[in-house]
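Engineer: First the structure, then my questions, so here it is.
The values are calculated or read from the model by the stated rules, or taken from the named source; none is laboratory data. This structure is a prediction, so every number in the text was calculated from the model and none was measured. Here the Cβ positions follow ideal geometry from the backbone for every residue, glycine too, while neighbour counts run over all protein chains shown. Areas reflect the complete protein model, heavy atoms only, side chains present, ligands, DNA and RNA absent. Shrake-Rupley method; radii C 1.70, N 1.55, O 1.52, S 1.80 Å.
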Amino acid sequence: MWTPLLLSLKVAGWATLVASVAGIAVAWALSRWPSRWSDLIDAILTLPMVLPPTVIGYYLLVLMGRRSRLGAWLHSHGIELVFTWQGAVIAAAVVAFPLVLKAARAAFLDVDHALEQAAAVLGVSPAAVFFRVSLPLALRGILAGVLLAFARALGEFGATLMVAGNIPGRTQTLSIAIYEAVQAGDDPLANLLVVVTSITCVAILCLTAWLMPGRNRQRGRRWSAP
């Protein structure tokens, strides 16, 4: 049980980091420099939320395979992503990316632009405005999206199986281990893995609900109501 669990946590952690950095950057750009193409870009980047994971895995497999230009270039530099845990990270990051993007964009849109403009008038650089004003004010919403992305990456199955395969000790994550245990008729192991996964995801969802923006305001109104 411990090997796929630890591998899943490692894959989910790195995937969440990649998805968070990319998602926050894109969300900031879409929220601060809107254009007529913003909604189209957002729709394209959100596709991993609605496409079957096997389709995403197929796209990544074609993109990173040796027959593609990118795959051939990576292979020429000794970099192999297919059937490795790094490939599983990329697959999980692509699937989790829209969750960070949606949450971060909504959080940035909720930030009062007057505060950012006041900081800029005082001579604060754009980078400092982002890190000292915008990001702290949007942090709760972003963290909620990051936690959801971690839970999604932790439970990713289809895209990971397509890209990384099922190699015990190397690419066999928790969800794939559950599938193999069921196929092998090992019900005790399958039940144990399911319980561990369920408890982890419930804890993450509870923490996400606590971090959701507006929760404290709603609680305050409830307690102050006559």
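Engineer: Would you say A153 is over 27 Å from T208 (Cβ atoms) and either charged (D, E, K, R) or touching a helix residue (DSSP H, G or I) at 6+ places or on another chain (Cβ under 8 Å) (or both)? Explain how you work it out, then say what you get.
Structural biologist: Values: over 27 Å from T208 (Cβ atoms): no; either charged (D, E, K, R) or touching a helix residue (DSSP H, G or I) at 6+ places or on another chain (Cβ under 8 Å) (or both): yes.
So A153 fails the test.
Engineer: Also, quick follow-up: Considering only helices (runs of 4 or more DSSP H) fully contained in segment 91-170, which possess at least 2 residues that are under 11 Å from the mean Cα position of the chain (by Cα) and under 22 Å from I41 (Cα atoms)?
Structural biologist: Numbers: elements: 113-121, 126-129, 135-154, 158-164.
Fully inside segment 91-170 and qualifying: 135-154.
Engineer: Go through segment 1-27 and give me each residue that's under 9 Å from the mean Cα position of the chain (by Cα) and of a type in the set (S, T, N, Q).
Structural biologist: Passing the criteria: T16, S20.
Engineer: Restricting to segment 171-200, count the residues that are within 18 Å of V94 (Cβ to Cβ) and either assigned to a helix (DSSP H, G or I) or out of contact with any helix residue (DSSP H, G or I) (no Cβ under 8 Å at 6 or more places or on another chain) (or both).
Structural biologist: Step one: filter segment 171-200 for residues within 18 Å of V94 (Cβ to Cβ), giving 171, 173, 175-176.
Adding the requirement that they be either assigned to a helix (DSSP H, G or I) or out of contact with any helix residue (DSSP H, G or I) (no Cβ under 8 Å at 6 or more places or on another chain) (or both) leaves 175-176.
The total comes to 2.
Residues checked against (1) among the acidic types (D, E); (2) open to solvent by less than 60 Å² (accessible area, probe 1.4 Å); (3) under 18 Å from L5 (Cβ atoms):
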{"residue": "G145", "(1), (2), (3)": "no, yes, no"}
{"residue": "F150", "(1), (2), (3)": "no, yes, yes"}
{"residue": "T173", "(1), (2), (3)": "no, yes, yes"}
{"residue": "A177", "(1), (2), (3)": "no, yes, yes"}
{"residue": "A181", "(1), (2), (3)": "no, yes, yes"}
{"residue": "D186", "(1), (2), (3)": "yes, no, yes"}
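Engineer: Being assigned to a loop (DSSP other than H, G, I, E, B) and touching a residue at least 24 places away in the same chain (Cβ under 8 Å) is the filter here, so list the residues in segment 70-90 that pass it.
Structural biologist: Scanning segment 70-90 gives L81, V82, F83, T84.
Engineer: Need pairs with beta-carbon distance below 7 Å; first residue without any contact (Cβ under 8 Å) to a residue 40 or more places away in the chain and within segment 38-51, second outside any loop (DSSP other than H, G, I, E, B); sequence gap 6+ or separate chains.
Structural biologist: Note: pairs meeting the criteria are S38/L30; I41/L30.
Engineer: Looking only at segment 24-49, count how many residues are outside any helix (DSSP H, G or I) and over 21 Å from L147 (Cβ atoms). If you could, list the steps in order and put the result at the bottom.
Structural biologist: Keep residues of segment 24-49 that are outside any helix (DSSP H, G or I), which gives 33-37, 46.
After this cut, where a residue has to be over 21 Å from L147 (Cβ atoms) as well, the list is 33-37.
Selection size over segment 24-49: 5.
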